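Asker: First, the structure itself, so that you have it in front of you.
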Amino acid sequence: MKKAILTLFVALICFSVYGQSNDGTETKQSKKDKITNNRQKCRSLYIALSGGFNNNTGIVGVNADWSVADHFALEAGGGFSTWGEKLYIGGKYFLKPCHLGWAFGTGITYNTGISDFHDNLETIDGDTEPVDLKLYSQTNMLLAVYRYWNLGKGSSRFYLELGYSISFSSDKFTQIDGTPISDNSTRAINLTSPGGLIAAIGFSFGVK
């Protein structure tokens with residue numbers, strides 16, 4: 001009898017240990033499955049529409065966002081700006097996987113300029129007159145911080161961008177017709193050239 005009780009007791013301990021081992025394995029496996037499922041929901045390619053002040057792709061633009069790693073993405077796109085067409089290429093580092101939350105980015109932008117820009121500006125005579133300017137192409141480097149949020153349960157995202165754009169071009173424009181413009185007008189044109197504070201908003205849609 002004692003042997004039978006001892007055998008049953010040992011058997012119960014073995015089953016208990018085996019059961020705990022299985023529970024641990026299932027928990028780890030479920031965690032792995034959850035991570036895998038979350039990663040499967042992540043998208044490797046997004047198409048983004050954005051706009052704003054000194055926005056990467058202009059006042060209104062579109063770009064492709066390609067996820068090359070859990071926390072890294074490459075971007076390229078273009079759009080329209082007050083300084084001609086605008087092109088952009090850059091990259092971002094995300095603090096969270098699936099490219100959500102906070103991100104830090106850098107890149108290069110190129111504005112084509114406008115060969116024959118017409119406007120009414122203050123001249124050296126003190127009058128406001130029509131003049132013609134040539135806006136030179138501009139190349140800039142940007143540094144920015146982004147914040148991404150999911151939209152609903154799908155793969156769409158909403159984001160805000162705040163940063164600074166630094167111009168590599170010293171020559172901004174030249175006047176090609178009309179009475180010479182005043183210093184005030186010159187400063188105003190220089191201020192509107194690409195560069196300075198970046199404040200933008202955008203929406204991106206996962207396609208792959």
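Asker: Please sort by residue number the trypsin sites (Lys or Arg not before Pro) in region 113-199 whose DSSP state is loop and whose Cβ has at most 10 other Cβ atoms within 10 Å.
Answerer: Here the sparse-neighbourhood loop sites are Lys153.
Asker: Calculate, in nm to one decimal, what Asn184 and Leu151 gain on full extension: separation in residues at 0.36 nm each, minus their alpha carbon distance.
Answerer: 7.4 nm
Asker: Could you compute the net charge surrounding Gly196? Neighbours are other residues with a C-beta less than 15 Å from the C-beta of Gly196; K and R count +1, D and E count -1.
Answerer: Taking every other residue near Gly196 into account, the sum is +2.
Asker: Sticking with this one: Measure off 7 Å from each Cα along the Cα-to-Cβ vector at Asp116 and Ala76, then give the distance between these two points in nanometres to one decimal.
Answerer: Going by the 7 Å Cα→Cβ label model, 3.3 nm.
Asker: Moving to a separate point now. What FRET efficiency, computed as 1/(1 + (r/R0)^6) with R0 = 30 Å and r the Cβ-Cβ distance, is obtained for Asp127 and Ile166, rounded to the nearest 0.05?
Answerer: 0.25
Asker: First select every other residue whose beta carbon is under 12 angstrom from the beta carbon of Trp149; then total the charges, Lys and Arg +1, Asp and Glu -1. Spell out each step's value before the answer.
Answerer: On the way: positive: Lys96, Arg147, Arg157; negative: none.
Once positives and negatives cancel, what remains is +3.
Asker: Which log10 I(q)/I(0) values, to two decimals, does region 43-206 give at q = 0.08, 0.19 Å⁻¹ under the Debye formula with one point per Cα?
Answerer: These q points yield log10 I(q)/I(0) values of -0.29, -1.07.
Bear in mind these aren't lab numbers, they're just calculated from the coordinates by the rules spelled out. Given the structure is predicted, the values throughout are model-derived calculations rather than measurements. Quick reminder, even Gly has a Cβ in these numbers, built from the backbone with ideal geometry, and neighbours come from all protein chains shown.
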